[in-house]
1. Dividing the convex hull volume of the alpha carbon atoms of region 168-314 by its residue count, what do you get in Å³ per residue?
2. Cα-based Rg (one decimal) and Dmax (whole number) for region 64-183, in Å?
3. Write down the radius of gyration of region 102-242 and its Dmax, each obtained from C-alpha positions, in Å.
4. Apply the membrane-span-like helix rule to the chain: whole DSSP H runs, Cα extent along the own long axis of at least 15 Å, mean Kyte-Doolittle hydropathy at least 1.0. List the helices found.
5. Once you keep just the Cα pairs under 8 angstrom separated by 6 or more residues, what percentage relative contact order results for the chain?
6. What distance in nm lies between label points placed 7 Å from Cα along the C-beta direction at residue 350 and residue 274?
7. When the Cα centres of region 96-123 and region 247-287 are compared, how far apart do they sit, in Å?
8. Taking the convex hull of the alpha carbon atoms in the chain, what volume per residue do you get, in Å³?
Amino acid sequence: MTELKPTQTGTSATSEQATFGGFGGDIGALTLRDSFRAYVAKVRRGDPGALPALLGVIVLLVVFSTTSPRFLTVGNLANLPSQAGGYILLAMGLVFVLLLGEIDLSAGTASGVCASAMALALNHHGNLYNVLKGGTFGVYLAAFVFTLGVAIWQRLWWAALAILAGILVLITGAAANQIAAIYLAIATGTAIGVLTGYLVAKVGIPSFVVTLALFLGWQGVLLQFEGQGNAIPTQRFHIVNAVANKNIPPVWSWVMFVVFVGGYAAVTFVRSVRRRAQGLSAEPLSLVGLRVAVLTVFGGLAVYFLNQERSPNPKLTSIRGTPWVVLIILVLLVLLTLLLTKTAYGRHLYAVGGNAEA
């Protein structure tokens, strides 16, 4: 029998099939054109990624800038991160919930309970027992103890330690210290998370039902903590006020910019080089450089404008620099990204996805 040899055309077709079919996209370095074609194909399949959000931001900028001439002023744009910081942090936390195909309708009121506990503790020298009348303090402490027991029972050791430390802060009056008061808010949020997670994951109540009920419940707790239409002042507590309203000095704003942009450039470049060396699919270095360049330009412009004087009376008080909340958001963004992409917990989260039964 005569051995048949593959023709050049057949070999080329086989190579192209291996490159673009099946799992062939995981092998070999991509070119800039390949990356663009892959993104266009993904958008056509109904997976546009962050494109709708970016287009929405652009539309909002155009609409608001034409509606009000003050919208694009440096002072107004600098206020946006401070005003939206709380919502951004809530959205970052809800990403973990949405990855599992669940929902949390109580996140807003739950965060209000945490903030109210912190503010009350600061304004009453850490003594919540005297300010929370009618057994409210006892219910608050009992809720802490109950969620501590649930965390230990479910072997959520980090959550148990966080709640236990919160109990100690609560009963010892240590929340007179601003750092301890902030931690009391974090521990309260941890306890709320343990309760919500237990009702959804173990008891089996749908997250929509649980969080809708807790949404109403935490509203009642807020009314009990603050009263009808009242507000708890925190302006005289310099750490809390700085996190909410103060700015990083201009020099340190540039240092922050260099650290984050340089870190992003180093991580993406090293990842691309390593994947190329292992023969895996890797972004072209030109695309990496383009992303870093875009981030450098827009980030640099943002820091430059934020470092301009924004005070109407600079001789009386100066307002310059990047809001502290921006640094907090960036640090949490890095840490949560590492948690999702570099830990077993993050891989399990992605593996479960929106179908826990599967």
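Coordinate-derived values only; no laboratory data. Just so we're clear, the structure is a prediction, and the values are computed from it rather than from any experiment. Cβ: placed from backbone, ideal geometry, glycine included. Neighbour counts: every protein chain shown.
1. Numbers: hull volume 36.5 nm³, N = 147.
Roughly 248 Å³ of hull volume per residue.
2. For region 64-183, the Cα-based Rg and Dmax read 18.7, 57 Å.
3. For region 102-242, the Cα-based Rg and Dmax read 14.8, 45 Å.
4. Details: long enough: 8-20 (18 Å, -0.68); 32-44 (18 Å, -0.34); 51-67 (24 Å, 2.39); 74-99 (36 Å, 1.46); 107-123 (24 Å, 1.20); 136-153 (25 Å, 1.89); 157-172 (22 Å, 2.32); 178-197 (29 Å, 1.54); 207-226 (27 Å, 1.40); 250-277 (40 Å, 0.84); 285-306 (31 Å, 2.02); 324-342 (27 Å, 2.83).
Within the chain the helices that satisfy the rule are 51-67, 74-99, 107-123, 136-153, 157-172, 178-197, 207-226, 285-306, 324-342.
5. Details: 332 pairs, mean separation 89.8, N = 358.
Worked out over the chain, it gives 25 percent.
6. Once both label points are built, they end up 1.4 nm from each other.
7. Each part's Cα centre sits 33 Å from the other's.
8. Details: hull volume 75.6 nm³, N = 358.
That works out to 211 Å³ per residue.
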